[in-house]
1. If you check PHE38 against the conditions, is it modelled with pLDDT under 95 and aromatic (Phe, Trp, Tyr)?
2. Taking segment 9-52, which residues are open to solvent by 40 Å² or more (accessible area, probe 1.4 Å) and assigned to a loop (DSSP other than H, G, I, E, B)?
3. How many of the residues in segment 68-98 are open to solvent by less than 30 Å² (accessible area, probe 1.4 Å), touching a residue at least 60 places away in the same chain (Cβ under 8 Å) and out of contact with any helix residue (DSSP H, G or I) (no Cβ under 9 Å at 6 or more places or on another chain)?
4. Show the residue pairs that are 6+ apart or on different chains and have beta-carbon atoms under 7 Å apart, the first residue being within segment 43-67 and without any contact (Cβ under 8 Å) to a residue 40 or more places away in the chain and more than 21 Å from ALA10 (Cβ to Cβ), the second being open to solvent by less than 70 Å² (accessible area, probe 1.4 Å) and acidic (Asp, Glu).
5. Restricting the search to segment 103-147, which residues are more than 30 Å from ARG63 (Cβ to Cβ), outside any loop (DSSP other than H, G, I, E, B) and either open to solvent by 50 Å² or more (accessible area, probe 1.4 Å) or charged (D, E, K, R) (or both)?
6. What are the pairs, 6+ residues apart or on separate chains, where a residue within segment 19-35 that is closer than 22 Å to ALA6 by Cα and touching a residue at least 12 places away in the same chain (Cβ under 8 Å) has its Cβ under 9 Å from a residue that is among the small types (Gly, Ala, Ser) and open to solvent by less than 40 Å² (accessible area, probe 1.4 Å)?
7. Can you pull out every residue in segment 44-59 that is within 20 Å of ALA109 (Cα to Cα) and of a type in the set (Gly, Ala, Ser)?
Amino acid sequence: MPGISATIKAALKTKLDALVSAGTLGEVQEDDLRKSIFERDFGAYPAAVLTSPATDSEALDNRDNMRSYLYEVVVFQKADNITSATAIEELIETLLDKFDNDPALSGAAPGGVFPSTSRPEPASIRGNNFVVFSILIKARGIKNLTF
């Protein structure tokens, strides 16, 4: 049986894959930590990389902890593909809406899902110009203690 982190990450990936099917994203990759996200090759844009989470925990009651998993979805859009002054803002809103409209990730995060975003920034990576931003997703799950 997969752990809480793997279950939440799979649910996040499913949401992101739906955005590829809808044409909002061009491609989604999962980070495997062996290669920098800035050294990846993408086949279509906007491209997103779902990273491994940072985790913290707090006592919920005497038998359970509430674990918070902070995932980062780093989104790359080629500067040449930006068609209007609001295109990146609209993309951010669409991504946030996808997670806001499923606040428990279909049960994978019973403690709630709280998406936020970083500020979009221009970046030059391997000779290409991009606008890069992150969707930060704090997803909370309940860990039953076994002592």
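1. Values: modelled with pLDDT under 95: yes; aromatic (Phe, Trp, Tyr): yes.
Taking the combined requirement at face value, the residue satisfies it.
2. Hits for segment 9-52 are ALA22, GLY23, ASP32, LEU33, ARG34, LYS35, SER36, ASP41, GLY43, TYR45, SER52.
3. Final tally of qualifying residues: 2.
4. Listed pairs, sorted by first residue: GLY43/GLU27; ALA44/GLU27.
5. Here is the first cut: in segment 103-147, the ones more than 30 Å from ARG63 (Cβ to Cβ) are 116-135.
Filter once more, keeping what is outside any loop (DSSP other than H, G, I, E, B): 116-117, 121-125, 128-135.
If the condition is that a residue be more than 30 Å from ARG63 (Cβ to Cβ), outside any loop (DSSP other than H, G, I, E, B) and either open to solvent by 50 Å² or more (accessible area, probe 1.4 Å) or charged (D, E, K, R) (or both), then SER116, THR117, GLU121, PRO122, SER124, ASN128, ASN129 are the ones that fit.
6. Cβ pairs passing all conditions: LEU19/ALA48; GLU27/ALA44; GLU27/ALA47; GLU27/ALA48; VAL28/ALA47; VAL28/ALA48; GLN29/ALA47; GLN29/ALA48.
7. Within segment 44-59, SER52, ALA54, SER57, ALA59 qualify.
The values are calculated or read from the model by the stated rules, or taken from the named source; none is laboratory data. Since this is a predicted model, take the numbers as computed values, not measurements. A quick note on method: Cβ atoms are made from the backbone with ideal geometry, for glycine too, and the neighbour counts reach across all protein chains shown. Heads up: the accessible areas ignore ligands, DNA and RNA and are worked out on the full protein's heavy atoms, side chains in. Shrake-Rupley method; radii C 1.70, N 1.55, O 1.52, S 1.80 Å.
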